[in-house]
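Asks: What follows is a structure written as structure tokens; I'll ask about it next.
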Amino acid sequence: MLEAIRQVLASHQPTRIEPGGRPPAAVLLLIYELNGEPHTVFTLRTDLVETHKGQISFPGGAADPGDDDLRLTALRETDEELGVCPEHVEVVGQLDDWVSISGFLVTPYVGLVRGPMPYPFRPNQHEVAEVIEVPLSHLMDESNVTEEVRQYDGRDVLMYSFVFREHVIWGLTARILKQFLDLLAPALVEPPG
């Protein structure tokens with residue numbers, strides 16, 4: 001599956017959004033093998049962080065003036081939040097830009113963890129209340145996904161949420177995840193014969 005992820009993202013042309021004065025941010029969707037199965041990791045944000053308290057998200061955050069680009073922002077934030085060494089991550093692609101409800105222009109990246117497994121996450125106690133490791137197979141199982149039409153900015157928008165144990169992954173994180181899984185799904189279908 002890791003090679004399929006590389007191939008899918010190598011051919012994906014992400015949709016870019018003009019900044020329009022929005023502050024830039026980046027997140028990192030990390031993929032790694034755990035017990036022989038591809039997983040991704042989410043963080044449950046503490047009540048101590050400035051925004052999105054108690055929500056589940058990918059590691060990431062706002063760009064710093066010292067970041068050369070948003071890819072480095074995603075790697076730096078992932079290191080700060082989870083202790084994932086940037087040298088242990090192979091960034092294999094980028095997903096579409098999104099505007100968060102808090103007004104950030106968010107650029108998601110996908111990275112494969114090349115470090116030791118199971119990875120020795122070191123969550124930042126101020127930012128991360130819990131590290132949530134989820135098998136991709138669980139997220140791809142349609143019985144774990146709900147769809148709901150909601151009003152947003154005066155229009156109907158199809159919203160997704162994913163359930164894993166007692167956790168609900170929703171909002172922008174779910175939209176990014178859904179795009180990734182939709183891109184990946186055709187590559188995982190075995191050819192007939």
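The values are calculated or read from the model by the stated rules, or taken from the named source; none is laboratory data. None of these values were measured; they are calculated from a predicted model. Cβ atoms come from the backbone with ideal geometry, glycine included; neighbour counts cover every protein chain shown.
Asks: If I filter segment 139-149 down to residues being touching a residue at least 12 places away in the same chain (Cβ under 8 Å) and part of a strand (DSSP E or B), which single residue comes out as farthest from H39 (Cα to Cα)?
Replies: The first filter runs over segment 139-149 and keeps only residues touching a residue at least 12 places away in the same chain (Cβ under 8 Å), leaving 139-140, 144-148.
Now drop any that are not part of a strand (DSSP E or B), which leaves 145-148.
Numbers: V145: 17, T146: 20, E147: 22, E148: 25 Å.
Looking at the filtered set, the residue picked out is E148.
Asks: From the list D79, D68, exactly one residue is crowded, with 19+ Cβ neighbours inside 10 Å, free of Cβ contacts under 8 Å to residues at least 12 places away in the same chain and of a type outside the set (A, V, I, L, M, F, W, C). Which is it? Walk me through it before giving the result.
Replies: On the way: D68 fails: crowded, with 19+ Cβ neighbours inside 10 Å.
The conditions single out D79.
Asks: Moving on. Output the residues belonging to segment 121-138 that are part of a loop (DSSP other than H, G, I, E, B) and modelled with pLDDT of 95 or more. Show your work before the answer.
Replies: Of segment 121-138, the ones part of a loop (DSSP other than H, G, I, E, B) are 121-127.
Within segment 121-138, F121, R122, P123 meet the criteria.
Asks: Touching a residue at least 12 places away in the same chain (Cβ under 8 Å) and in a strand (DSSP E or B) - does that describe any residue in segment 150-157? Lay out the reasoning, then the answer.
Replies: Here is the first cut: in segment 150-157, the residues touching a residue at least 12 places away in the same chain (Cβ under 8 Å) are none.
No, segment 150-157 has no match at all.
Asks: Only one residue in E80, E127 is in contact with a helix residue (DSSP H, G or I) (Cβ under 6 Å, 6 or more places away or on another chain) and of a type in the set (D, E). Which one? Even if it seems obvious, please write down each step before you answer.
Replies: Numbers: E80 fails: in contact with a helix residue (DSSP H, G or I) (Cβ under 6 Å, 6 or more places away or on another chain).
Just one listed residue meets the conditions, E127.
Asks: Which residues, taken from segment 77-96, are in a loop (DSSP other than H, G, I, E, B) and not aliphatic (A, V, I, L, M)? Explain how you work it out, then say what you get.
Replies: Our first condition is that a residue be in a loop (DSSP other than H, G, I, E, B); within segment 77-96, this holds for 83-85, 95-96.
Of everything in segment 77-96, those that are in a loop (DSSP other than H, G, I, E, B) and not aliphatic (A, V, I, L, M) turn out to be G83, C85, D96.
Asks: Show me the strands (runs of 3 or more DSSP E) entirely contained within segment 1-70 in which 1 or more residues are of a type in the set (D, E).
Replies: Values: elements: 24-34, 37-45, 60-62.
Result: 24-34, 37-45.
Asks: Working only within segment 83-124, note down all residues that are among the aromatic types (F, W, Y) and either out of contact with any helix residue (DSSP H, G or I) (no Cβ under 8 Å at 6 or more places or on another chain) or surrounded by 18 or more Cβ atoms within 10 Å (Cβ to Cβ) (or both). Give the steps one after another, and end with the answer.
Replies: Start the filter on segment 83-124 by keeping residues that are among the aromatic types (F, W, Y), which leaves 98, 104, 109, 119, 121.
W98, F104, Y109, Y119, listed by residue number.
Asks: Identify all residues within segment 163-193 that are surrounded by 10 or more Cβ atoms within 10 Å (Cβ to Cβ), in contact with a strand residue (DSSP E or B) (Cβ under 9 Å, 6 or more places away or on another chain) and over 13 Å from L29 (Cβ atoms); write none if there are none.
Replies: Scanning segment 163-193 gives V163, F164, H167, V168, W170, G171.
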